Amino acid sequence: MERQSSAAPHRGPSPAWLAAAYVVLGGFMVLERFARKRGRASSLDPSAEDRGTTRMIVGGFMVAGVLPLLLRPVRQRPLPRSAGALGLALEAAGLCLRLWSMRTLGGSYTRTLQTNENQQVVDTGPYRVIRHPGYLGSLLAWTGCAVASGSVPTVLSVAGLLAAAYRRRIGVEEELLRRKLPGYAEYAGRTKKLVPLLW
């Protein structure tokens, strides 16, 4: 007589975790809408210096927002159930880091790439360690949502898509700031771009 395994089938996080992750992403959108200073800092009108990177990131957000739903039916071994809680923790950490970055830069934290005449290098708060903590916060938030979905293809797709978009954005931004912001080259020499101690 054939013995049947008593082990329960491997199941990923409950769909409730993904629903909660979308609620947290709603918080990300509210943060983007209301936490910036009004006027120039919150404008989505790109300058020539932007080189289309704002459109690329916004497009990446839109795709990343629907990928967890589109890839949900894909057959694959899901992440452990604990991925739901881990994803929400990543999202919360990302939102906190992004808000901290916004508050540290104040009016210099803009949606598109631009500088102003009175702008100075800021090396306090999270900027003491890395040069683009707001971007790291965004990557954590969106990747966290993907992790909460429990889908490995979703995590790889979202993380890869937004990492590519932000890599392009950072390259363009670094070029602009080195050219137009006095002291930025020296600041860049003692800090990492995005990941402490690594890059």
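Structure above, values below:
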item: Out of Leu90, Leu86, Leu67, sole residue that is surrounded by fewer than 19 Cβ atoms within 10 Å (Cβ to Cβ), modelled with pLDDT of 75 or more and either out of contact with any Pro (no Cβ under 8 Å at 6 or more places or on another chain) or within 25 Å of Gly150 (Cβ to Cβ) (or both); result: Leu86
item: Count - residues of the range 86-102 that are more than 11 Å from the chain's Cα centre (by Cα) and touching a residue at least 60 places away in the same chain (Cβ under 8 Å); result: 6
item: Residue within the range 174-182 that is out of contact with any strand residue (DSSP E or B) (no Cβ under 8 Å at 6 or more places or on another chain), surrounded by 18 or more Cβ atoms within 10 Å (Cβ to Cβ) and of a type in the set (Lys, Arg) present; result: no
item: Any hit, the range 131-152, residues being farther than 23 Å from Leu18 by Cβ, touching a residue at least 24 places away in the same chain (Cβ under 8 Å) and of a type in the set (S, T, N, Q); result: no
item: Odd one out for Ile130, checked against (1) modelled with pLDDT under 95; (2) touching a strand residue (DSSP E or B) at 6+ places or on another chain (Cβ under 6 Å); result: (1)
item: Cβ pairs under 6 Å, 6+ apart, first in the range 13-26 and under 15 Å from Leu140 (Cα atoms) and without any contact (Cβ under 8 Å) to a residue 40 or more places away in the chain, second surrounded by 21 or more Cβ atoms within 10 Å (Cβ to Cβ) and not hydroxyl-bearing (Ser, Thr, Tyr); result: none
item: Condition met for Ile57 (surrounded by 16 or more Cβ atoms within 10 Å (Cβ to Cβ), touching a strand residue (DSSP E or B) at 6+ places or on another chain (Cβ under 7 Å), closer than 18 Å to Glu173 by Cβ and among the aliphatic types (A, V, I, L, M)); result: no
item: Residue in the range 163-179 that is in contact with a Pro (Cβ under 8 Å, 6 or more places away or on another chain) and among the β-branched types (Val, Ile, Thr) present; result: no
item: Matching residues, the range 93-108, being buried (at least 17 other Cβ atoms within 10 Å of the Cβ) and closer than 18 Å to Tyr166 by Cβ; result: Gly94, Leu95, Leu97, Arg98, Ser101, Met102, Leu105
item: Members of the range 180-199 found to be modelled with pLDDT of 90 or more and assigned to a helix (DSSP H, G or I), listed by number; result: Tyr184, Ala185, Glu186, Tyr187, Ala188, Gly189
item: Among residues of the range 109-127, those that are assigned to a helix (DSSP H, G or I) and surrounded by fewer than 18 Cβ atoms within 10 Å (Cβ to Cβ), counted; result: 1
item: Pair list, Cβ < 8 Å and 6+ apart or interchain, from the range 62-82 residues that are β-branched (Val, Ile, Thr) to residues that are assigned to a helix (DSSP H, G or I) and surrounded by 15 or more Cβ atoms within 10 Å (Cβ to Cβ); result: Val63/Leu161; Val74/Pro153
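The values are calculated or read from the model by the stated rules, or taken from the named source; none is laboratory data. Note that the structure is predicted; figures quoted are calculated from it, not measured. So basically every Cβ, Gly included, is an ideal-geometry build from the backbone, and we count neighbours across all protein chains shown.
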